[in-house]
Amino acid sequence: MTALNVAPTDPVVMRAPPIERIGILRWLHKNLFNNWINTLITTALMVLLVILVPPLISWAFINSVWNSTDPQACVEAGGACWAVIAEKHRVMLFGFYPYAEQWRPFLAVVIYLGVLVITALPVFWNWRILLPLWVFGIITIITLMLGGVFGLPVIETAQWGGLPLTMIVFSGQVSVGMPLAVLLALGRRSEKLPILKTICIVVIETMRAIPPVTVLLIAAVIFPIFLPTGFDIDKMVRIVLALGFYFACLQAEVIRGGLQAVPVSQLEAGKSIGLSAWQINWLIVLPQAIRIVIPGLMNHIIQAFKNSTLVIIVGLFDILNATSASVADPQWISYFTEAYLFVALVYFSGAYSLSKYSKYLEKKFKVVSHQ
């Protein structure tokens, strides 16, 4: 064999990477300018933004009125009239709750948000902490809103409105619906109880086929007809229970998908160490199933938050309906856009926070890969 003559290699010359591989330029090239169609669309949108953004900034900030009790000041300014929020914020946030007692729903909202924040922190994930916390929170909020004790005047639920009502309807749906969804999902997968399985299937599929508006109308209008004479259930309670049941049927299918994704070997392992069927489901299957379907669960929770606006149909004054009532004032009716933008910001803040928390849970439990 003859030795190969290998020419000495040239010294490595360090060169700058291609411009499309550098930071933001790489992202722009990959997502906005990767072909001629995307380049054309991106350019057209940039031109449109250049045309629309300056007048929008001028209307929203430069020529706007932020604090005034005189609507004429908004007319003269020619911009956004954010003063309508300052003027009507009590009705928008608290509905027709008595003016002198509005500190009570305000304190209830503060307690509610505090309980939510504590619940969201992993360091407090212990039922010995969360159960007493939620019992305290629920009792305190109901006591503040309803009154009748500690010298607080009684405020009927018909006068509740605004943000506290939205909070109660949303939390009621989730609190009632989640445990029921787990039971419905387990019942639908039951092989030893075929009658229970059939009932769960019929209930879930029937409720999933009904629009939430229909559920609200049945709870508010039709259900009281079948109650005995002289017996009544508060309208708000009926609405919360109905929406909670509807929410449970949607979540039950998501949870069932998680149950099916748990390997059979996990059940067999539980049986091998002598656990009962309920212990296997509670300690082994459900934790894994719920972790798997966190995105789907949070999606329906966000949907329930937005569905709280539907109570306007049955005459409950949530924050959206209360805002509509507040801008019915002839002096401020021209500035309904600003009022509804404020409500949109409230709902966006809530939905976005839930979405980011869902991403946090997915990352924590390694539900999806994060690069």
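The values are calculated or read from the model by the stated rules, or taken from the named source; none is laboratory data. These numbers were taken from a predicted model, which means no experiment stands behind them. Neighbour counts are summed over all protein chains in view; Cβ atoms, including those assigned to glycine, are modelled from backbone coordinates with ideal geometry.
What helices (runs of 4 or more DSSP H) completely inside segment 26-103 contain at least 1 residues that are touching a Ser or Thr at 6+ places or on another chain (Cβ under 8 Å)?
71-77, 83-94
Glu268 versus (1) without any contact (Cβ under 8 Å) to a residue 60 or more places away in the chain; (2) touching a Leu at 6+ places or on another chain (Cβ under 9 Å); (3) part of a helix (DSSP H, G or I): which is the lone unmet condition?
Evaluating Glu268 over (1) without any contact (Cβ under 8 Å) to a residue 60 or more places away in the chain; (2) touching a Leu at 6+ places or on another chain (Cβ under 9 Å); (3) part of a helix (DSSP H, G or I) leaves (2) as the failure.
Is at least one residue of segment 268-286 under 21 Å from Thr206 (Cα atoms), hydrophobic (A, V, I, L, M, F, W, C), out of contact with any strand residue (DSSP E or B) (no Cβ under 9 Å at 6 or more places or on another chain) and buried (at least 17 other Cβ atoms within 10 Å of the Cβ)?
The answer is no, given that none of the residues of segment 268-286 is under 21 Å from Thr206 (Cα atoms), hydrophobic (A, V, I, L, M, F, W, C), out of contact with any strand residue (DSSP E or B) (no Cβ under 9 Å at 6 or more places or on another chain) and buried (at least 17 other Cβ atoms within 10 Å of the Cβ).
Hey, Gln331 hits all of (1) surrounded by 16 or more Cβ atoms within 10 Å (Cβ to Cβ); (2) not in a helix (DSSP H, G or I) but one; which does it fall short on?
With (1) surrounded by 16 or more Cβ atoms within 10 Å (Cβ to Cβ); (2) not in a helix (DSSP H, G or I) applied to Gln331, the lone miss is (1).
If Thr39 satisfies all but one of (1) of a type in the set (Val, Ile, Thr); (2) modelled with pLDDT under 90; (3) out of contact with any helix residue (DSSP H, G or I) (no Cβ under 9 Å at 6 or more places or on another chain), what's the number of the condition it fails?
Checking Thr39 against (1) of a type in the set (Val, Ile, Thr); (2) modelled with pLDDT under 90; (3) out of contact with any helix residue (DSSP H, G or I) (no Cβ under 9 Å at 6 or more places or on another chain), the one that fails is (2).
Kindly evaluate Thr119 against the criterion of being modelled with pLDDT under 95, assigned to a helix (DSSP H, G or I), in contact with a helix residue (DSSP H, G or I) (Cβ under 7 Å, 6 or more places away or on another chain) and polar (S, T, N, Q).
yes
Going by the structure shown, is Ser175 surrounded by fewer than 20 Cβ atoms within 10 Å (Cβ to Cβ), among the small types (Gly, Ala, Ser) and either touching an Asp or Glu at 6+ places or on another chain (Cβ under 6 Å) or farther than 28 Å from Ala351 by Cβ (or both)?
no
Since Glu253 meets every condition but one in (1) under 28 Å from Leu180 (Cα atoms); (2) in contact with a helix residue (DSSP H, G or I) (Cβ under 6 Å, 6 or more places away or on another chain); (3) touching a residue at least 40 places away in the same chain (Cβ under 8 Å), which condition does it not meet?
(2)
Of everything in segment 206-220 that's surrounded by 13 or more Cβ atoms within 10 Å (Cβ to Cβ) and over 22 Å from the mean Cα position of the chain (by Cα), which residue is farthest from Gly257 (Cα to Cα)?
Selected residue: Ala220.
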